[in-house]
Amino acid sequence: MAVTVDKTAPAGKGHNAFAMAQAQFDGVAEYLGLDAATRELLRNPLREYHFGIPIRMDDGSMKVFRGFRVQHNDARGPGKGGIRFHPQETVDTVRALSMWMTWKCAVVDIPLGGSKGGVVCDPHNLSAREQEQVCRGWVRQISHDVGPLLDVPAPDVMTTPQHMLWMLDEFEHIHRGHFPGFITGKPVGMGGSLGRTEATGFGVVFTIREALKEMGLRPDATAASVQGFGNVAQYAIRLYEQLGGKVLCVSSWDQADQTSYSFRKATGVNLDALLSITDRFGGIDKAKAKTMGYEVLDGEAWLAQEVDILIPAALENQIRGDNVERIHSKVKLIAEGANGPTTPEADAVIKKRGIFDIPDFLANAGGVTCSYFEQVQSNMNYYWERDEVLGRLDVKMTAAYLAVSELARKRGLYMRDAAYVIAINRVVEACKQRGWI
Ligand code: NAD
């Protein structure tokens, strides 16, 4: 399936994520032979809301923040997707992310659609009171078009469980009642789910475990290198090590130097020791790492390690045309913990080299799956034990992985293409059954 970016798609700032999401969809639509009406329906969001959020600032002045909610498709169930606070937020990014949420929910077969929201703001420059007003203002503008049965928001870039709780409180004031299923990512004890913190990283490793089985490799005979040392990376490393695997290298962003570094130990990194010298943003202290015997290497060195598995778990656009050749010939498997870590150029090289790639919207779907569990628990007002949450997560992730890998094998497809085929087919089927197309 060839991915070519549609030049007629709306232009955003720099790299246009929506054009990319549409191009990916178009490639699969062509492969599936979808008719024109189906393509028209699915390559665009069903609904979008753009609004202003007027806030009285601490200094007494008024400021209006731009807010969005984009509902790409809800044929399979209520929309699901985070709300980002970001100074460079654009509606095209939100559109792309809402479309990717549709495919992510469909590939893990949870009964939810795809949505995403955002506010153009930088929480670093807002007091706690101003942030609370932005959260409450966002809900006031959209309170009748979101809800437990319509569209369920969650945290995302620069939004936190506290933000979710303010949003829930505002929603409950407006609708007069308790509706904890309106939003996920709430603090544990206030409607949040146990296991959510671990869910994405653990989910990545559930898919790695299944892939290794298919490759005839034992986890305890493998080594991995990880980009990033935040939430996803830390829990992926924890579970991978429990399976017997050894992590030789991790990397992180250094705020003071405004660059990233890789940290390598030939005998394997020590997760707990590294955690003790890591700040809350996932930044590793390089001076302390040196005293612990780590080699401190350039930011891309994680990619060049002689390991079996690479886990990009930091950011988008990290494996690109200009660095993909640094991947060591020993690497057999890439599990994309981050969203969009591989550019289409690099993806073509990885495909050609025969490296097995578990695509982002499958590998990191543990987060949204656990958010779905949170929504279910919230709607029942009955909360499960951590082991029950993680056990159910394993079942869902494993089933999703196996369905994709079976299709990939049967039709000779690349895993990313197979995942898209399954997800898009499920959404098309739901739209057809509803009589939308
Ligand atoms: P995080 O903020 O907890 O951690 C990010 C880590 O990446 C930090 O260690 C940071 O130092 C590092 N980093 C940043 N820039 C870097 C660079 N240029 N080179 C090397 N390291 C760098 O974030 P997270 O929640 O772990 O998310 C990581 C990725 O996974 C993101 O793409 C996110 O969208 C995706 N994701 C997260 C979840 C989730 O539940 N947390 C779910 C799905 C997808």
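Take the residues in the stretch 162-187 that are open to solvent by 20 Å² or more (accessible area, probe 1.4 Å) and either at pLDDT below 95 or assigned to a loop (DSSP other than H, G, I, E, B) (or both); name whichever of them is nearest to F281 (Cα to Cα). Looking at the filtered set, the residue picked out is P187. For the stretch 188-201, the condition of being buried (at least 19 other Cβ atoms within 10 Å of the Cβ), part of a helix (DSSP H, G or I) and in contact with a His (Cβ under 6 Å, 6 or more places away or on another chain) holds for none of the residues.
For the stretch 243-253, a residue qualifies if it is open to solvent by 20 Å² or more (accessible area, probe 1.4 Å) and either within 13 Å of the ligand (Cβ to nearest atom) or among the acidic types (D, E) (or both), and exactly one does: W253. If you go through the stretch 213-230 and keep only what is surrounded by fewer than 18 Cβ atoms within 10 Å (Cβ to Cβ) and either under 21 Å from the mean Cα position of the chain (by Cα) or acidic (D, E) (or both), you end up with E214, D220. I'm trying to understand the selection: among the residues of the stretch 125-158, which are part of a loop (DSSP other than H, G, I, E, B) and at negative phi? If the condition is that a residue be part of a loop (DSSP other than H, G, I, E, B) and at negative phi, then L126, S127, S143, H144, D145, V146, P148, L149, L150, D156, V157 are the ones that fit.
Of the residues V368, V307, the single one that is among the β-branched types (V, I, T) and either surrounded by fewer than 17 Cβ atoms within 10 Å (Cβ to Cβ) or away from the ligand (no atom under 11 Å from the Cβ) (or both) is V307.
On the basis of being in a loop (DSSP other than H, G, I, E, B), under 29 Å from I355 (Cβ atoms), modelled with pLDDT of 95 or more and not aromatic (F, W, Y), does G293 make the cut? So G293 fails the test. Of all residues in the stretch 97-129, exactly one satisfies the criterion of being basic (K, R) and touching a Leu at 6+ places or on another chain (Cβ under 6 Å), namely K116.
Given the criterion hydrophobic (A, V, I, L, M, F, W, C), part of a strand (DSSP E or B), closer than 18 Å to I142 by Cβ and assigned by TED's automatic domain parsing to the domain that holds E130, identify the matching residue among V94, V70.
Numbers: V94 fails: part of a strand (DSSP E or B).
None of the other options fit; the residue is V70.
One residue alone among G60, G52, G33, G67 is surrounded by fewer than 20 Cβ atoms within 10 Å (Cβ to Cβ), small (G, A, S) and in contact (Cβ under 8 Å) with a residue 12 or more places away in the chain, and that residue is G52. A residue that is open to solvent by 30 Å² or more (accessible area, probe 1.4 Å) and under 26 Å from V157 (Cβ atoms) can be found somewhere in the stretch 373-384.
Inside the stretch 219-242, residues that are under 16 Å from V307 (Cα atoms) and more than 13 Å from the ligand (Cβ to nearest atom) make up a count of 8. The number of residues in the stretch 385-398 that are surrounded by fewer than 16 Cβ atoms within 10 Å (Cβ to Cβ) and without any contact (Cβ under 8 Å) to a residue 24 or more places away in the chain comes to 4.
Considering each residue of the stretch 307-335, count those that are touching a residue at least 40 places away in the same chain (Cβ under 8 Å) and part of a loop (DSSP other than H, G, I, E, B), and give that number.
At the first step, the residues of the stretch 307-335 found to be touching a residue at least 40 places away in the same chain (Cβ under 8 Å) are 307-315, 317-318, 332-333, 335.
Okay, now just the ones that are also part of a loop (DSSP other than H, G, I, E, B), so 307-308, 313-315, 317-318, 332.
So the answer is 8.
Determine, yes or no, whether T267 is open to solvent by 60 Å² or more (accessible area, probe 1.4 Å), free of Cβ contacts under 8 Å to residues at least 60 places away in the same chain and near the ligand (Cβ under 9 Å from one of its atoms). Judged against the criteria, T267 is not a match.
Conditions (1) touching a Ser or Thr at 6+ places or on another chain (Cβ under 8 Å); (2) within 10 Å of the ligand (Cβ to nearest atom); (3) open to solvent by less than 20 Å² (accessible area, probe 1.4 Å), marked per residue:
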position: R280; (1), (2), (3): no, yes, no
position: K288; (1), (2), (3): no, no, no
position: G299; (1), (2), (3): yes, yes, yes
position: N317; (1), (2), (3): yes, yes, no
position: R320; (1), (2), (3): yes, no, no
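The values are calculated or read from the model by the stated rules, or taken from the named source; none is laboratory data. Fair warning: this is a prediction, and the values are worked out from it, not measured in the lab. Using ideal geometry, Cβ is built from the backbone for each residue, glycine included, and neighbour counts are taken over all protein chains shown. Keep in mind that these areas ignore ligands, DNA and RNA; they rest on the heavy atoms of the full protein, side chains included. Shrake-Rupley method; radii C 1.70, N 1.55, O 1.52, S 1.80 Å.
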